Amino acid sequence: MTLEKTSIRPGETTLPFDASTADDARLAFIGRIRSPWTDRTDCPKNMRVARDTHQKATVEIDAPFRAALQNLAAGRHVHLLTWLHQSRRDLAVQKPRSAETASGTFALRSPVRPNPIGLHLVRLLDVDPASGQLVIDAIDVLDGTPLLDIKPYFDTVDRPSEG
């Protein structure tokens, strides 16, 4: 798939450089997401929409990282951090198709960002540490999306107080 870097909507502006050319971080992909979505036009735009499809997904953890799955259990919620590898990385201001006006990238949940890191709160339906397979309730990324990290969701620290 090629990125449409020449397609700019009215009101959008680009960064003075393409962040994909930066060489200042070393990340290790720990696995891949296996989702039903192979085309961007079919992929849900957020987790709420993904859950509404009732389509489960699988996380495949690479062998060297499987020991880190210890104590993860079905029924828990976790944050998945993904590398949205097919996203543009050069827009500073974006105008989503559904928006009336443009907004800065950091004011949007768009996958188009200098560092295309996705954040997904998912529910674990099944955990098999030996095979590195996690079944999750839903996901809003394309099949084959690289996984950067898994972090547990803790209601006591992750949910803002109502005050």
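Structure summary
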| quantity | calculated |
| --- | --- |
| Qualifying residue in segment 56-65 (condition: in a loop (DSSP other than H, G, I, E, B) and open to solvent by less than 60 Å² (accessible area, probe 1.4 Å)) | no |
| Flag if Ser161 is part of a loop (DSSP other than H, G, I, E, B), open to solvent by 30 Å² or more (accessible area, probe 1.4 Å), over 13 Å from Ile33 (Cβ atoms) and not aromatic (Phe, Trp, Tyr) | yes |
| Scan of segment 115-125 for residues that are open to solvent by 30 Å² or more (accessible area, probe 1.4 Å) and either closer than 16 Å to Lys45 by Cα or in a loop (DSSP other than H, G, I, E, B) (or both), ordered by number | Asn115, Ile117, Leu119, Leu121 |
| Any hit, segment 92-101, residues being within 18 Å of the chain's Cα centre (by Cα), outside any loop (DSSP other than H, G, I, E, B) and buried (at least 17 other Cβ atoms within 10 Å of the Cβ) | no |
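The values are calculated or read from the model by the stated rules, or taken from the named source; none is laboratory data. Quantities reported herein were computed from a predicted structural model and do not represent experimental measurements. Here Cβ is always computed from backbone atoms with ideal geometry, including for glycine, and neighbour counts include all displayed protein chains. Just the protein is used for accessible areas: all its heavy atoms, side chains included, with ligands, DNA and RNA removed. Shrake-Rupley method; radii C 1.70, N 1.55, O 1.52, S 1.80 Å.
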